[in-house]
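Readers should treat all values here as calculations from the given coordinates under stated rules, not as data from a laboratory. What you are looking at is a predicted structure, and each value in this text was computed from that prediction instead of being measured. When we count neighbours, we look across all protein chains shown, and the Cβ atoms used for this are built from the backbone with ideal geometry, even at glycine.
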Amino acid sequence: MKKALLTLLALSLLAWGLAQRYLQDPELERVKSGGKAYAEVFVSQRPDQALCSIHRNRLPADLLPKFLEEQRSLIKYPQNGKLMGDWKKGGAIFNNLQKANCFSCHFGSPVHLGGDVGPSLEKYGLKRGQSEAVQRYTYEVIYNAWAYFPCTVMYRFGAQGLLTPEEIADIVAYLLDPESDFNTKPAVGSK
Amino acid sequence: MPLKALLMAGALALMGLALAQEGVDPREEAKRQKQLLLETAGILPTELIVEQGKDLFNRKGPSGKTMAECDFGLGKGVLEGAAARLPRYFLDTGKVEDLDSRIITCMTRVQGFKPAQVKRSEVVAVAFYIASHSTGKPIQVRLLFPEERALYALGEKLFYARSGARDVGCATCHVTYVGKRAGVLPYADVLGKDKSWTHWPAYRYSNDQIWTMQDRIRACYGNIAHPQPDLYSLPILALELFLAYSNNGAVVEEWPAFVR
């Protein structure tokens, strides 16, 4: 009985897995000619990535609640529970092209001219304040942007392992702390 | 090679200028830079590469044949308008080939070079030369053969795919955020009004590089740390067929192009 149940479970998982796949086997075969590393990215495409691919980044309304819930469940917090860390360290990460590259998409950095792919973050901390809710929102957007903006272009820094929870808390401090250069110095390009 | 040194001096001078020119329309700016380079160096890098490509085209391979013995889609030795109709399916190889891969087919199957002897720089130079015969021609690619349709469908899927640690997808930049910038250049509308297929092969003056569309696509992956598909591989061809077909009818202003 237990075994039958397990088989059933395995089968339904399999069916779920198949339903979520974006590239089918003959397509994956062709993709393999692109080389091992390239193919691997598609072979191991995550189900949430597959959903965004299938729906071309606009999820139908009926899928949204479950999707958002799953994305939220991926968010982890720093060991010490503090969502605001060291703003100086955060600034180094925010302004590093290889590391987080936030400035490329967002205006507001006092170090680099920002892009306009994402909304301007100029004087973010002065505008939003430092309430618990703002800290949490900012931390969670950086940790997993898809929990707020499904399928958006912004990387899921925490959920995809690009930054640690502590590094994200440092960035939150960089954005929010009224003493941070981000809030005391003028943004490059500001009028 | 001394020509290259000459050009480098010009290119370096331009780079200083280019960096000071943020916020200017990149296409207009490229035209200005081209004019400047023409005035300082007396010849354009694109023209030089086309000349190199011409020499290579007329060079005899181990079999004693030149590239004029090859069919680039419109018959043996016919170059006029040939590049504007690629990629396409070729009966002799049973494959869809773009300009780059067809050049390799020519060098290996007709001229008798071993695959390992084929240098990338030579392929690009010959691509520049052959493409130069399609200036003023409209893009005309078809989806007639099953393999063309299969690759097109794959290209479309890859274009809309999200993958890798940064959830990369061509469409996120080139559809959703067209006109926005995360650097100097705004994201081009590659499927529509920017007619991007007609901008490659090109000389990139900001980096002194000669690129075909294969290099352009690989760079878009590489720029955001996504593993790159190998040169000449099917995923590149698939994306190319999708891009080219989307730009059908667009007239090639100048091949090879001169871009930032």
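Taking only the C-alpha atoms, wrap a convex hull around the stretch B:164-231 and report its volume per residue in Å³ as a whole number. Working shown, then result.
On the way: hull volume 6.7 nm³, N = 68.
Spelled out: Cα convex hull of the stretch B:164-231, divided by residues, is 98 Å³.
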**Asked** Computed FRET efficiency, Cβ-Cβ of B:T93 and A:A61, R0 51 Å: what is it to the nearest 0.05?
**Response** 0.60
**Message:** List the aspartates and glutamates whose Cα sits under 16 Å from the Cα of A:K127, skipping any in the same chain fewer than 8 residues away.
**Reply:** A:D177, A:E179, A:D181
**Message:** Let's test the formula: R0 of 56 Å, r as the Cβ-Cβ distance of A:K36 and A:S131. What FRET efficiency results, to the nearest 0.05?
**Reply:** 0.70
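For the pairs B:K31/B:K119; B:K137/B:K195; B:K54/B:K95; A:K88/A:K123, note any where the Cα-Cα span goes beyond 23 Å.
Details: B:K31/B:K119 30 Å; B:K137/B:K195 13 Å; B:K54/B:K95 26 Å; A:K88/A:K123 16 Å.
Pairs exceeding the cut-off: B:K31/B:K119; B:K54/B:K95.
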**Asked** If you count, for every residue in A:156-169, the Cβ atoms of partner chains within 10 Å of its Cβ, what is the mean?
**Response** 1
**Label point distance in nm, B:L36-B:D208, each placed 7 Å from Cα along Cα→Cβ** = 1.6 nm
**Fill in**
Taking Cα atoms only, Rg over Rh for the stretch A:87-184 with Rh from the Kirkwood formula is 0.92
**Request:** Determine, at each q value in 0.12 (inverse angstroms), the log₁₀ of I(q)/I(0) that the Debye formula gives when each Cα of chain A is one equal point scatterer.
**Result:** -0.71
**Complete:** Residue ranges of DSSP H helices in chain B that stretch 20 Å or more (Cα, own long axis) and have mean Kyte-Doolittle hydropathy of at least 0.0 are B:2-19
**Message:** Modelling each spin label as a point 7 Å along the Cα-to-Cβ direction, I'd like the A:Q98/B:Q117 distance in nm, to one decimal.
**Reply:** 4.0 nm
**Asked** Roughly how many nanometres apart are two label points built 7 Å out from the Cα toward the Cβ at B:R109 and A:D181?
**Response** 5.8 nm
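For the protein assembly as shown, take N as its residue count and report Rg(C-alpha) divided by 2.2 N^0.38 Å.
Here the answer is 1.11, to two decimals.
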**Asked** In whole Hz, what ³J(HN,Hα) sequence does the stretch B:171-185 give by Karplus (6.51, -1.76, 1.60; θ = phi - 60°), x for Gly and Pro?
**Response** 5, 4, 7, 8, 10, 5, 10, 3, x, 7, 10, 10, x, 7, 9
**Complete:** Taking Cα atoms only, helix A:132-143 is inclined relative to the longest principal axis of chain A by an angle, in degrees rounded to 10, of 50 degrees
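Cβ neighbours within 10 Å, averaged per peptide: list B:150-162, B:189-201 in order, most packed at the top. Numbers along the way, then the final one.
Values: B:150-162: 22.2, B:189-201: 20.0.
With the highest mean Cβ count within 10 Å placed first, the list reads B:150-162, B:189-201.
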**Request:** Quick one: Debye curve from the alpha-carbon atoms of chain B only, equal weights, vacuum; give me log10 I(q)/I(0) at q = 0.09, 0.11, 0.12 Å⁻¹ to two decimals.
**Result:** -0.40, -0.61, -0.73
**Item:** Alpha-carbon centroid distance for the pair the stretch A:72-90 / the stretch B:140-162, whole angstrom
**Value:** 44 Å
